[in-house]
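K.L.:
I have a structure here, written as structure tokens, and I will follow up with some questions on it.
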Amino acid sequence: MFHFSGFNMMFPEGRNFHANYKCFSVSMLPGNERTDVEKGGKIIMPPSALDTLTRLNVEYPMLFKLTNGKKSRSSHAGVLEFVADEGKCYLPHWMMENLLLGEGDILNIESVSLPVATFSKFQPHSTDFLDITNPKAVLENALRNFACLTKGDVIAIKYNKKVYELCVLETKPGNAVSIIECDMNVEFEAPVGYKDHSETQASGSGQQGAAGTVGGEVAGANNAILEEVVETFKGSGVRLDGKKKKESQLETPVVKKVLARGVPDYDFQFGLIRFDRNIRPISDRGQEDDAVAGNADGCDAESFHGTGFSMKKSRK
């Protein structure tokens, strides 16, 4: 009940907000650049809309259904501010793409009440989304700037100066849900263009016939120990005082080290762990190979065969 100049005036309950505005992208908003609007799912409306909403019994938080009548496309959004010019509203660019709107097109806005979300499923539009270490945490942080989700929409989130697009495949308990102060379970579908490891192996097995000889060489090398030669220094040195190097320093031999490394398992299957307990360590196999080579050459195992001398002279 409201009292204005001696007249009692009461607005009926349950009335919805309906209005038509010319929509523009956030980049057309006068003033400083508003990057915060592009990061979320909220729009900017004129002050007259706030005046009308305060007179109506609108449920909070304020959620709206956006409809493009010409293209028969609809979505849902919250409101960020009421600072737009009269007769205009400003939307994030990704939302205008979902609604197939152009600059200056007419957009119908209606206030709605949505159920609280309990489940949602997303599908990234690029495999680059798999490079994120914790995608659920990144998505949770990005959804703080959203008020609701609509099934079929393609939302855009920004992370590390890169924009990722995700399609909303499913929402529960309805096709449009509110995500303000909710406990929502999130699942991810495989990104668009992602190939499973089993499919990669199947495509690779089809090419094994053409590379049969190469495969045989690789299979034969599985039982061998690969060695890697590392040279400590390949260049030449110069004295700091400008003098020529001594004759003993002119031909310094390059020290080479042989590092034994394991052979990769070319038959490895994704998701399978094998424990090869019967295989000898590489160090043991290297020692045995050296011992066998020494016996074949007739060399003795002892490393020294000379005679010793005392550095102290004996007293006579």
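The values are calculated or read from the model by the stated rules, or taken from the named source; none is laboratory data. Here the structure is a predicted model, which is why all the values come from computation and not from measurement. Here the Cβ is made from the backbone with ideal geometry for all residues, glycine too, and neighbour counts use every protein chain on show. Only protein heavy atoms, including side chains, enter the accessible area calculation; ligands, DNA and RNA are left aside. Shrake-Rupley method; radii C 1.70, N 1.55, O 1.52, S 1.80 Å.
K.L.:
Return yes or no: is Ser75 touching a residue at least 24 places away in the same chain (Cβ under 8 Å), small (Gly, Ala, Ser) and assigned by the TED database to the domain that holds Thr171?
P.N.:
No, not satisfied.
K.L.:
Kindly indicate which of Glu187, Glu170, Glu165, Glu217 is of a type in the set (Asp, Glu) and at pLDDT below 90.
P.N.:
Criteria check complete, one pass: Glu217.
K.L.:
Kindly provide the set of residues from segment 155-199 that are exposed (fewer than 14 other Cβ atoms within 10 Å of the Cβ) and of a type in the set (Val, Ile, Thr), ordered by number.
P.N.:
Hits for segment 155-199 are Val163, Val192.
K.L.:
Could you please give the count of residues in segment 52-85 that are in a strand (DSSP E or B), open to solvent by less than 60 Å² (accessible area, probe 1.4 Å) and among the aliphatic types (A, V, I, L, M)?
P.N.:
4
K.L.:
Another one. Can you name the residue in segment 26-51 that is of a type in the set (S, T, N, Q) and either within 14 Å of Val83 (Cα to Cα) or more than 37 Å from the chain's Cα centre (by Cα) (or both) and is also surrounded by the fewest Cβ atoms within 10 Å (Cβ to Cβ) among such residues?
P.N.:
Selected residue: Asn32.
K.L.:
Any idea how many residues of segment 121-135 are more than 10 Å from the chain's Cα centre (by Cα) and either open to solvent by 20 Å² or more (accessible area, probe 1.4 Å) or at pLDDT below 90 (or both)?
P.N.:
Qualifying residue count for the region: 3.
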